[in-house]
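Novice: The structure under discussion is supplied below as C-alpha cells; questions concerning it will follow.
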Amino acid sequence: MKIKFFSILAVLMTLAFTSCDDYETYGEKKEKEREAIAAFISEKNIKVIDEATFEAKGQTTSVADNEYVYLEKSGVYMQIERKGAGEKLEEGKQVNILCRYTEYNINDGYYQTVNIYSSTYPEKFTVTRSGSNLTASFTQGTMLNSYSSSVPEGWLVPLLYINVGRQTTADEEISKVNIIVPHSKGQAYAMQSVYACHYTITYQRER
C-alpha cells in the first residue's frame, strides 16, 4: 500500500511541476510579442522612424522606403500609404466609416480574418472624435462577427492623421494604412491571448 501511495504521489508531483513549466506569465507573453514584432519588422525590411521625423515630413511615411512611424503613446507602428480624399474627422460629430482590411497574426504567422474583397458587406463602425480621443463601435462586418462590437484602439489611431472621405473623381483615392497593433490596442482575442497583428486597412466615409 505504501509503495502504491508513493507512486501515485510521485505522478501527481510530476504533473504539477510540468504544469508549472508550461505556464507562461503575462510578462513572458509580452516578451514573446515584442520579439515577434521585432522579427516581423526585420523580415519585412521595415524602416522605423520616430514621431519627430514623422512630423518633420508633414505626417507622412515613405512607402518606397517602407517607412513606419512608431507612435509611442499607443505602441502602434503606422505606415500611411494614402492620406485619402476628403477631410479629417470633425470634432464632436458622429460619422459612419466603411473599411476593408486584412488581419495577420504576427506571433503565429498567419492571416486570421480578411474582409478586403467584399464590395457589398464592408466593415462599418460609428466614430466620434473629441480632441485626440476617439470612441467607436462596429455595427456590421467580419470584426463584429469574429470578436465584438468594440473597435480596436489600433484601428482608430490612423484617424488622427488621415482624411476620411469618398472618391468623387478618377484621381482621388480613399485612405489606406498599414499598422502593427500590439495586443493592448487590439481586438478582444489579441488582448486575451497577448499577440500582435498587422493590418492593412482602407477607410472611407459612408454616403
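The values are calculated or read from the model by the stated rules, or taken from the named source; none is laboratory data. Only a predicted model underlies this, so the values are computations on that prediction, with no experimental measurement involved. No Cβ is skipped: glycine too gets one built from the backbone with ideal geometry, and neighbour counts run over all protein chains shown. Surface areas here come from the heavy atoms of the whole protein model, side chains and all, with no ligands, DNA or RNA. Shrake-Rupley method; radii C 1.70, N 1.55, O 1.52, S 1.80 Å.
Novice: Pairs please, first residue from the range 116-138 and in contact (Cβ under 8 Å) with a residue 40 or more places away in the chain, second anywhere and of a type in the set (D, E, K, R) and surrounded by 10 or more Cβ atoms within 10 Å (Cβ to Cβ), Cβ atoms under 9 Å, 6+ apart in sequence or on different chains.
Specialist: Hits for this filter: 116/100; 124/206; 129/88; 129/90; 134/153.
Novice: Something else: For the range 99-126, what are the residues that are within 19 Å of residue 173 (Cα to Cα) and either open to solvent by 20 Å² or more (accessible area, probe 1.4 Å) or hydrophobic (A, V, I, L, M, F, W, C) (or both)?
Specialist: Of everything in the range 99-126, those that are within 19 Å of residue 173 (Cα to Cα) and either open to solvent by 20 Å² or more (accessible area, probe 1.4 Å) or hydrophobic (A, V, I, L, M, F, W, C) (or both) turn out to be 99, 100, 102, 116, 117, 118, 119, 120, 124.
Novice: Further question on the same structure: Confirm whether residue 203 is outside any loop (DSSP other than H, G, I, E, B) and either more than 22 Å from residue 44 (Cα to Cα) or touching a strand residue (DSSP E or B) at 6+ places or on another chain (Cβ under 9 Å) (or both).
Specialist: It is true that residue 203 is outside any loop (DSSP other than H, G, I, E, B) and either more than 22 Å from residue 44 (Cα to Cα) or touching a strand residue (DSSP E or B) at 6+ places or on another chain (Cβ under 9 Å) (or both).
Novice: Now for a separate question. Considering (1) free of Cβ contacts under 8 Å to residues at least 40 places away in the same chain; (2) over 14 Å from residue 186 (Cα atoms); (3) small (Gly, Ala, Ser), say which one residue 141 fails and leave the rest.
Specialist: (1)
Novice: What number of residues within the range 179-204 satisfy the criterion of being of a type outside the set (A, V, I, L, M, F, W, C), over 9 Å from the mean Cα position of the chain (by Cα) and buried (at least 19 other Cβ atoms within 10 Å of the Cβ)?
Specialist: Selection size over the range 179-204: 4.
Novice: Which of the following residues is part of a loop (DSSP other than H, G, I, E, B), in contact with a helix residue (DSSP H, G or I) (Cβ under 9 Å, 6 or more places away or on another chain) and open to solvent by less than 50 Å² (accessible area, probe 1.4 Å): 89, 134?
Specialist: Exactly one of 89, 134 is part of a loop (DSSP other than H, G, I, E, B), in contact with a helix residue (DSSP H, G or I) (Cβ under 9 Å, 6 or more places away or on another chain) and open to solvent by less than 50 Å² (accessible area, probe 1.4 Å), namely 89.
Novice: So, of the residues in the range 92-122 that are part of a strand (DSSP E or B) and more than 13 Å from residue 200 (Cα to Cα), which turns out to be farthest from the chain's Cα centre (by Cα)?
Specialist: Here the residue is 94.
Novice: Of all residues in the range 38-85, count the ones that are open to solvent by 70 Å² or more (accessible area, probe 1.4 Å) and among the hydroxyl-bearing types (Ser, Thr, Tyr).
Specialist: Residues that pass the stated criteria total 2.
Novice: Which of the residues that make up the range 170-189 are farther than 18 Å from residue 88 by Cβ and either touching a Ser or Thr at 6+ places or on another chain (Cβ under 7 Å) or free of Cβ contacts under 8 Å to residues at least 24 places away in the same chain (or both)?
Specialist: 170, 171, 178, 185, 188
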